[in-house]
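A quick write-up on the structure given underneath.
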Amino acid sequence: MARYDRAITVFSPDGHLFQVEYALEAVRKGNAAVGVRGTDTIVLGVEKKSAAKLQDSRTVRKIVNLDDHIALACAGLKADARVLINRARIECQSHRLTVEDPVTVEYITRYIAGLQQKYTQSGGVRPFGLSTLIVGFDPYTGVPSLYQTDPSGTFSAWKANATGRNSNSMREFLEKNYKETSGQETVKLAIRALLEVVESGGKNIEIAVMTREHGLRQLEEAEIDAIVAEIEAEKASAEAAKKAPPKET
C-alpha cells in the first residue's frame, strides 16, 4: 500500500486511489453539516466550535452565499473550502456576465464537482479535502434543490443529507424522520438532526435559512436557542406521555 499512496494519479492493484480516500477521511473528521429541503424553505446547519474569548465569531462562517439564490456549507479543510468557494463565486458572476442569466443550482454543482474531480487526476496537486452541501432555488422555476459533492468529484441531489463527523448517525435520523415540510418545521428538523451529534445545544450550532423571496438568512444565537428549547420541551412531553400509566376504561 505504501507505494501507491505517494502519487495521486497511481491506482493500487485493487483499484484504489489512496489520496482520494484520505481526503474522504479528512471530511469524516471535519465538522458536522446537514441540509434539509422543504417545499418553500431550504435549511443548512453546521456544527461550530466555540470561538476563543478574544476572537470575533462573525469572521468564522461555515455557511456562505455563492450567489443571491445559492448557498454552500462544507465539512473538511476550511482553507480548501475558501479556494473552492472563490472559484465558484467567480463562475457565478462570469455566467451572469456572459449569458445574462443567473446560474442554476445544478450548473454550479457540476462546476464544483468538476473542479474537485480535476484535482484527483492531475500530477503535482492533491484532492480538495472537503465535501459540500449546495442549496438554492432554480431561478426559472423556483423549485428548491439540495446537492452534495465529495472529494472524488461525484455529486448527487438529495431531499436531506448530512456530511462530516458522525454523518451516518444524522443520515439515519433524517431517513427515519424526514417528511415534506415547510417553514419552521424544516428548520426544526435540521436542528434536531444536528442535536443527534452536537453537544451543549444551540451555542455550537450555526443555522442558515433560505427562501425564494428573502434569500439566505443566518439565524441569531437567541433564535436557535429558542428552537432548541422548543425541541427539548417536545421531547420531554413525549417521554412523559410514554411513562404515564394507561387510562382505565
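The values are calculated or read from the model by the stated rules, or taken from the named source; none is laboratory data. Computed from a prediction, not measured in an experiment: that's the story for all the values here. We place every Cβ from the backbone using ideal geometry, glycine too, and count neighbours over all the protein chains shown. Areas reflect the complete protein model, heavy atoms only, side chains present, ligands, DNA and RNA absent. Shrake-Rupley method; radii C 1.70, N 1.55, O 1.52, S 1.80 Å.
Each other residue within a Cβ distance under 10 Å of ARG212 adds +1 if Lys or Arg and -1 if Asp or Glu, for a net charge of -3. Please say if region 161-249 is rounded, prolate or oblate, where rounded means a/c under 1.5 for a ≥ b ≥ c the square roots of the C-alpha gyration tensor eigenvalues, and otherwise the choice is prolate for a/b larger than b/c and oblate otherwise? Prolate is the answer for region 161-249, as a/c is 1.5 or above and a/b outweighs b/c.
Helix 78-99 and the long axis of the chain differ in direction by around 80°, with both axes built from C-alpha atoms.
Quick check for you: with a 1.4 Å probe and neighbouring chains kept, what is the accessible area per residue of region 103-170, in Å²?
Value for region 103-170: 39 Å² per residue.
Helix 167-177 and the long axis of the chain differ in direction by around 50°, with both axes built from C-alpha atoms. Go ahead and run the numbers for FRET between GLN218 and ARG6, Cβ-Cβ distance against an R0 of 25 Å, rounding to 0.05. According to the calculation, E is roughly 0.05. Can you give the local net charge around VAL198? Use residues other than it whose beta-carbon is closer than 10 angstrom to its beta-carbon, Lys and Arg +1, Asp and Glu -1. Its environment carries a net charge of 0. Of all lysines in the structure, the ones whose alpha carbon falls short of 16 Å from that of LYS203, not counting any fewer than 8 places away in one chain, are LYS48, LYS49, LYS53, LYS62, LYS188. Across region 96-249, C-alpha contacts under 8 Å between residues 6 or more apart give a mean separation that, scaled by the residue count, equals a relative contact order of 14 percent. Taking the helices alone, the chain has a mean residue ellipticity at 222 nm of -12500 deg cm²/dmol, built from -39,500 (n - 2.57) per DSSP H run of at least 4 residues and averaged over all its residues. The dipole here belongs to region 157-249: it is taken about the Cα centre, uses +1 on the Cβ of Lys and Arg and -1 on the Cβ of Asp and Glu, and is about 360 debye. With a 1.4 Å probe rolled over the protein heavy atoms of all chains, the accessible area of SER156, SER57 falls in the order SER57, SER156, largest first.
Of the GluC sites (Glu not before Pro) found in region 175-249, the ones in coil according to DSSP and having at most 13 other Cβ atoms within 10 Å of their Cβ are GLU180, GLU199, GLU213, GLU220, GLU248.
By definition, a body whose alpha carbon gyration tensor gives a ≥ b ≥ c is oblate when a/c is 1.5 or more and a/b is not larger than b/c, and region 173-219 fits this oblate description.
Of SER182, HIS95, VAL143, which is farthest on the positive side of the dipole of the chain, counting Cα position, with +1 on Lys and Arg Cβ, -1 on Asp and Glu Cβ, and the Cα centre as origin? Working it through, the farthest residue towards the positive pole turns out to be HIS95.
The long axis of helix 221-243 is offset from the longest Cα principal axis of the chain by roughly 50 degrees. Taken one residue at a time, the phi angles of region 21-31 give Karplus couplings (6.51, -1.76, 1.60, θ = phi - 60°) of 5, 5, 5, 5, 5, 4, 5, 5, 8, x, 5 Hz. Gly and Pro are set to x. Checking (i) 57, 56, 36; (ii) 73, 49, 45; (iii) 53, 43, 38 against the coordinates, the calculated Cα extents along the principal axes in Å falls under label (ii).
Which residues make up the longest stretch of the chain clear of trypsin sites (Lys or Arg not before Pro) that lie in a DSSP loop with no more than 11 other Cβ atoms within 10 Å, not counting the sites? The segment 54-178 is the longest one with no such site. Element breakdown for the chain at a 1.4 angstrom probe: carbon and sulfur atoms account for 51% of the accessible area.
Dipole size in debye (nearest 20) for the chain around its Cα centre, Lys and Arg Cβ +1, Asp and Glu Cβ -1?
Once rounded to the nearest 20, the dipole reads 740 debye.
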